[in-house]
1. Hey, H186 hits all of (1) modelled with pLDDT of 80 or more; (2) within 17 Å of V43 (Cα to Cα); (3) in a helix (DSSP H, G or I); (4) open to solvent by 40 Å² or more (accessible area, probe 1.4 Å) but one; which does it fall short on?
2. Among (1) without any contact (Cβ under 8 Å) to a residue 12 or more places away in the chain; (2) open to solvent by less than 70 Å² (accessible area, probe 1.4 Å); (3) within 24 Å of S152 (Cβ to Cβ), there is one condition A57 misses while meeting the rest; what is its number?
Amino acid sequence: MDMLPPSSAPPPSDSQLLLELRAGEAKAFEAFVRRFCNPFFYVAKRILRNEEDTRDAVQEAFLLAFRALPQFDGRSQLSTWVHRIVLNVALKKYRTQQRHPEQSIESLLPHFVEDEHHEVGPQFFQSSVEAWVSREEQRAIIHEKINQLPESYRTVILLRDIEGLNTEETAELLEISTMLVKTRLHRARQALRTLLEPLFRKEQS
């Protein structure tokens, strides 16, 4: 499923769209795809990083969503429900792909000396990394650095910090414990900080 050009027609509300979808109206299915295709294409692509796999995953996710509409109870927003389906399909597709052995994250983590202080002190003095990465123009750099993380850490930080899932939702999608999600997220954030630090220091100089 490819990305679609924007429509000039005003979009229906979620509740109206849901009513029309359940009534089987053709225009509702077009509106559904037009509303969610482009943003969720990027969601799937962040996981899969491949155009062809992403198109396949989005198409499969939308077909699953259409078939599951009778079971959608409306307790969450329609976009939240579809978002979860897209993530689930993309992650399942990702797991089936043959991958090389995962590299270690240790080289990107802080090192400590015997008194438990950092071997190399933190270099962020004038503002936080979090403030730096929140800028719109830096998002491409953030995604580039996230993609340099080992896969198990990359997926956790994507789901928690980019897609906005909570710990329990992330654990369920990844089929791991909440404790492991917390551990991986902490280490992924530390590693991302290491990757961003040279850019941060360059900006501050």
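1. Status for H186: all satisfied but (2).
2. A57 satisfies every listed condition except (1).
The values are calculated or read from the model by the stated rules, or taken from the named source; none is laboratory data. Everything quoted here is computed from the prediction, not taken from an experiment. No Cβ is skipped: glycine too gets one built from the backbone with ideal geometry, and neighbour counts run over all protein chains shown. Surface areas here come from the heavy atoms of the whole protein model, side chains and all, with no ligands, DNA or RNA. Shrake-Rupley method; radii C 1.70, N 1.55, O 1.52, S 1.80 Å.
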